Every structure is written in structure tokens, then in C-alpha cells.
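These notes are about the structure you will find just below.
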Amino acid sequence: MKKSIILFIALLGLASVAYAADSQIWGEMRIQNILGYGQEESWKLGPLFTMLQHKYFAWIFLGVLIGVPAAFFIHYKIIGPKVFPHSEKKYYAFSLYNRIIHQVAAVSFLVIIPTGFIIVFGDFFGGGTFVRMAKNLHGIFTIPFTIVVIPMALMWLKEALFNMDDVKWFMILGGYLSKEKKPILAGKFNAGQKMWYWVAILGGITMILSGAMMYFLDFKMEMLHNLAGMSQIDLLRAAAILHNVMGFIVLALFITHVYMSMFAIKGAVHSIITGYIEEEELKILHSTWYKKLKDQGKF
Amino acid sequence: MDYARMKFYCDESRCIECDGCSVACAEAHELPVGISRRKVVTINEGIPGKEMSTSIACMHCTDAPCEQVCPVDCFYIREDGIVLHDKEKCIGCGYCLYACPFGAPQFPRDGAFGAKGAMDKCTMCAGGPLETNSEKERHLYGQNRIAEGKVPVCAAMCSTKALLVGDAESVSNVYRARVMARGGKGSNSPYGWDKAYKNQ
């Protein structure tokens, strides 16, 4: 709760200084920003950003967008989905609060990710009103995600801490490379889900902050400048690079998350809609948790 | 037809920080408050021998970085080297500003949420992609003085003739003559030219 308050204040601060009278970019700072360009002891972020954005970013995004689903398509064809009966006993795993928080984040992502693509491939879409609208939606739908990201981080934190089960899970890649239904060591969340938790939370917060910096552009935060030791323009360049690189990672794991819940484990998505997880699914894919629940007499 | 390569040059030893160029620019193109296509900056203020003023705007770079990073490809480079952009394509993402070595791209704030509007920058008084001298071109990009055979307004108004604009050869000749007249002192290439024109 304390963390969320601090974040809220930080964002509010960012917004209120956004329209500071003395520009950090075009005023007297302008010459500093220019002198920082390409000179010794400068971060050389201008040429770096230019090179990355000119040659690599769009191609990497395209590679992730095609490569990850292609790999899963092959997985689906060769190994196929895991199917559980879904008629047996079910366990109530996600409360209404969990589900609402998750769904707000889900809807945000479903808008933020496609609009992000429209911006990255803006030339393909011809720019103008359509891409501008995508850019605005990209920003607007960050607001609901910002609201739920801290509650989401807190409600699943305990289950998302890595433990010894995860090492074993990673060694067999969660059993997704075999057709066998053998119990796999995992608590409420397996190592893959935990990885997604940390990328979605820490990566998500990184995306919010770097995105907010690019949105507000000409803000003044003495503390941030001192901390980073960067001029405003270099800070923005760093944010742009970070936003893209983090974007690759979030995107790759988001596609994975959707594939797992919608295709790889048939019907798994219902657990976050109704809150109920099917018993055999639990027994096989989250055996440690299943054992614990059984000991507690839940089954 | 062989086009000349158009370049800007501001002579720091002549610039007196009168701000005439930026005022002329803002008036001629009827720029809104908060948009300064051209800006006069003084560095090392108060340090004898080191203080200098210079006028900065878009330098219309060779291999313009802004053109390279634009996600909607709204930039185009004329055969005479002038870098222009299509405001109706621009989405106001700000990438060109991050790439620019001179801090030239400007962003007006519009709408209820204060989103960045289409980018605005110096056009070297050459308008935009719309019909030359049309009302819409004038509204979006300002005057198209180049099409009328006039010198860009900033350089035309410069009282000490510190700010020059023209084809590369003529500007270089003036520069050389001035350096010679000063006894050969000063840098061997105009300030900023290494970044903008790669000393070509």
C-alpha cells in the first residue's frame, strides 16, 4: 500500500511539473543538450537511439510478433495441447478481487499492445489520424494498468517468489515438451508464470515510467536528473531505448501467457474468468500446491 | 539540373544576441506561443573570452537523423538538402527530437489531455508538401519564401549578418574570407557543421 502511494505521488509530481515554465529542452538547456551530443564523456545516446530505431527496433518487434507464435504453432502441431476433463471437481483459486484486477490489466494490455504495433509500423499504416489515434489510446489505456499494477503485484507476490521447484521446472521446461501427464513440481504459480509475473510487474512499471517521460517530454525533476546524471534530452533518449527493449520482452511473454492459457492447456483460461481450477489440471501442473491443498483437506 | 546544397551558418563572432532572427521567424510564420523554430543561446555567459552567442534551428542535416527514426516516415529531403516533413502524417511521438543533434523539433500541446501535437520545425522558409503558397501550406508550415526566390527570413533580418543561409559553396566562401580577415583564428569548420553536414 505504501508503495502504491509513493508511486501515485511520483506520477502526480511528474504530471504537475510537465508544464514547467522554463523548458528543459528548448530553453537555456538546449545548448547543454546539444553539447552533450556525440562529445567525449557524453552518453552518446542520440546516435545510439538513431541507429537502433533506424535499423533494428521495428525488425525485432516483427521478429517477436512472428517468431514466438510460429514456435508455439509448431509446438501445438507436434506436441499438442494438454487436455483435462473439466467435468471433475474444481477448486476455487481466484477471488473476485483477483479476477477484477487481472481483467483490468488484461483489457489494458489488449489495447496497449496492438496500438504499440501500429505505432512501430506507423509507416505501413500511412501515419496520420489512424496512427495518431493509436498513439493516444496507447497512452490512455496505460491509466487503468497503472491503477492495478501495484495491487496485482501485492496480491500475488508471495506465490511469485522463486523456490527450488522452479529449478526443476525449468530443467524440463514445465513438461511442455512431452505429451505425458506426469505431475510437475510447482506451487500456485509455476516458474513460467512467475517469470511472467516479474516481467509484467517490473517491466510494466518500467514501461509506465519511460512512457510517461516521453509523453510529458518537457518536465523538470531535479531529483531524477541528479540521480541519473543526465540532461533532459539524454533522459528521454534512454527512456525511448528502454521502452522499446522492454517492449520486446513484455510482448514475447505476453504472447506466451496467452498461448498457455488459451491453447496449450485447454480451458485454462476459465480459471481466471470463473475463479475455479480443474482438479486434474492442478494435480498435474501444480503438484506441490495440490499436495498442500490435499493436506489441508481441500480435496 | 544540379541542385546546390543549402546550409545554415551562424558566425559566433558576429552574433550579438539581439534575437532578431527568432522574432522575425516567429512573426513571419505566425508561430504560436511556445514554439520557437529558431533560438538564440549564449554559452559561457560572463566568462571573458569564452562567452559566445549563436542562433540555432534545424540545420537540415545530411542523412538527417530525424528522417531515419520517424516511425511514420513523414520526413522528406529535397534535392537542395532542405529537410521537410508532412504534418498531416506526423503523430507527435517525439522520436525526431531524441535523434536531433540540435534540439530542433518542437511540439505544441493540444487537446484536453495535453497530448503532443504534430511536430513543428524550421523549414528553411520552404513550406511543406502541400501546394506551394496555398493557404493551407501557409497555415501549417508558414511562408514559402524559397519558392518566391527570397532568402529565409531569419538570415534576411540578421543585422550583423552573422546568420547566413545559402548554397554550401557561397556560405563556405564567406566563412573562409571572414576567418582570413580575422587573421586565420578560430575553428577550421563552422560550429555544428561536423554534426550537421559531416564536413562535406
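The values are calculated or read from the model by the stated rules, or taken from the named source; none is laboratory data. Just so it is clear, the model here is predicted, and its values are computed rather than measured. Here Cβ is always computed from backbone atoms with ideal geometry, including for glycine, and neighbour counts include all displayed protein chains. For accessibility, only protein heavy atoms count, side chains too; no ligands or nucleic acids. Shrake-Rupley method; radii C 1.70, N 1.55, O 1.52, S 1.80 Å.
Largest accessible area first, the residues B:R178, B:R5, A:R30, B:R14 order themselves as B:R14, B:R5, B:R178, A:R30 under a 1.4 Å probe with ligands, DNA and RNA left out. Taking GluC sites (Glu not before Pro) across region B:112-200, the ones in a DSSP loop with at most 13 further Cβ atoms lying within 10 angstrom of their Cβ are B:E131, B:E148. In chain A, Cα pairs under 8 Å separated by at least six residues give a relative contact order of 32 percent. Inter-chain Cβ neighbour count for A:202-215, averaged per residue, equals 1 (cutoff 10 Å, partner chain atoms only).
Partners of B:K136 within straight-line reach, counting lysines whose Cα lies under 23 Å from its Cα and excluding those fewer than 8 residues away in the same chain: B:K87, B:K89, B:K116, B:K121, B:K150. Accessible surface computed residue by residue for region A:54-197, with neighbouring protein chains in place and a 1.4 Å probe, gives 56 Å² per residue. Take the Kirkwood radius over Cα pairs of the protein assembly as shown, plug it into Stokes-Einstein at 4 °C and 1.567 mPa s, and you get 50 µm²/s for translational diffusion. In loop segments of region B:1-65 as defined by DSSP, the GluC sites (Glu not before Pro) with at most 15 further C-beta atoms inside 10 Å of their C-beta are B:E17, B:E30, B:E45, B:E51. For B:S159, the accessible area of its heavy atoms, probed at 1.4 Å with every protein chain present, is near 90 square angstrom. Along its first, second and third principal axes, ordered by size, chain A spans 69, 42, 38 Å in Cα coordinates. With all protein chains in place and ligands, DNA and RNA left out, the 1.4 Å accessible area ranks A:M133, B:M180, A:M213 as B:M180, A:M133, A:M213, largest first.
Each of B:H85, A:H75 has its accessible area taken with a 1.4 Å probe; listed largest first, they run A:H75, B:H85.
A helix-only calculation puts chain A at -19500 deg cm²/dmol for mean residue ellipticity at 222 nm, using -39500 (n - 2.57) for each DSSP H run of at least four residues, averaged over all residues.
Both radii are taken from the alpha-carbon atoms of region B:43-200; with Rh as the Kirkwood radius, Rg/Rh is 1.00. Using C-alpha pairs below 8 Å separated by at least 6 residues, the relative contact order for region B:6-197 is 27 percent.
Accessible surface for B:C70 stands near 20 Å², nearest 10, in the context of the full protein assembly shown (1.4 Å probe). I need the helices of chain A that pass two filters: whole DSSP H segments spanning 30 Å or more by Cα along the axis, and mean Kyte-Doolittle score no lower than 1.6. For chain A, where a helix must reach 30 Å along its axis and average at least 1.6, the hits are A:57-78, A:96-120.
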